[in-house]
Amino acid sequence: MSLRKEKIRSKDTGLELGLLIAQYFFDTEHLHYGIWPKDLDVKPINIKKAQENHSQFILDTIPENVKSILDVGGGSGGLAQKLTNQNYQVDCVSPSEYLADEIEKKLAGKVNVYHGKFEDVSIPKKYDLVLFSESFQYMRIRHALKKVLQVTKPNGHMLIFDYFTLESAGKSPIGGGHKWETSQKIISEFPFELISDQDLSKEAAPTQALLGQFADQVADPGRKILGEYLESHYPKLMKFLKWKLSKKIEKIEKEYFSGIQSAETFIKHKTYRLLLYRT
């Protein structure tokens, strides 16, 4: 019998690290963008409020007849907690063991957490609504849509709150997000009726600016200090790592430390949508 551990996915590690940063730097447990109305100053201290706005948009969009919700992704359970407080019956799907444990600790006895990828995990129940709050971008679209149809009740709903990449704007310097035009074409192949479509790109974009500031003012100086220390103590190891990981390092530097993490870049290359469908 093989004792080899399953390889840890970089996406899961990123989410776990994101939660730690959110908790200690921004006093929030949410892992998603915020929604910034014009009267909310774009400052780190207001990220928590902007993320509360994000959650409120979801709550306001849920149809009146919905009682049971499957929260796909789940984060650390913050949104599920809000939903249970509104008397919804909620279950979660999480591919990250760390985040699944966080949900179970936070909502012990109130929600069931399915461990694994949404497309692959066995879900015996059916729900009034399947919710993707910044988790749709991680889905294999066709597989996910087939699964949604399997786990929703007749006349159920699918709600997607996520950003997509605008193909017409050229190659995006900001990672993440399915191609907008392509994803909409794929969804149109399935029996989903679009009920509402809200474009909140301008309201979400300031979050990208704050991420850029954090990268420039905290993460970049920190990595340089650490790099200098390791260079001075372990020069041979660092030389090997730079050679071995050169392509990954180049990608990280281009994406996070080249000054492109701005609201303007986000608006040009991304579209942040709140989409409600009936199945």
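Read-outs: derived from the displayed coordinates by stated rules, not from any lab. Keep in mind it's a predicted model, so treat the numbers as computed, not measured. Ideal geometry is used to build each Cβ from the backbone, glycine not excepted, and the neighbour counts take in all protein chains shown.
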If you count, for each residue, the other Cβ atoms within 10 Å and average over each peptide, how do 144-150, 158-164, 59-65, 195-201 line up from highest to lowest? 158-164, 144-150, 195-201, 59-65
Ordering of 203-210, 35-42 by burial proxy (mean other Cβ atoms within 10 Å per residue, highest first): 203-210, 35-42
Of 48/270; 49/153; 153/185; 48/239; 48/185, which ones are farther than 31 Å apart at the Cα? 49/153; 48/239; 48/185
If each K or R counts +1 and each D or E counts -1, the residues other than residue 92 whose Cβ falls under 12 Å of its Cβ total -3
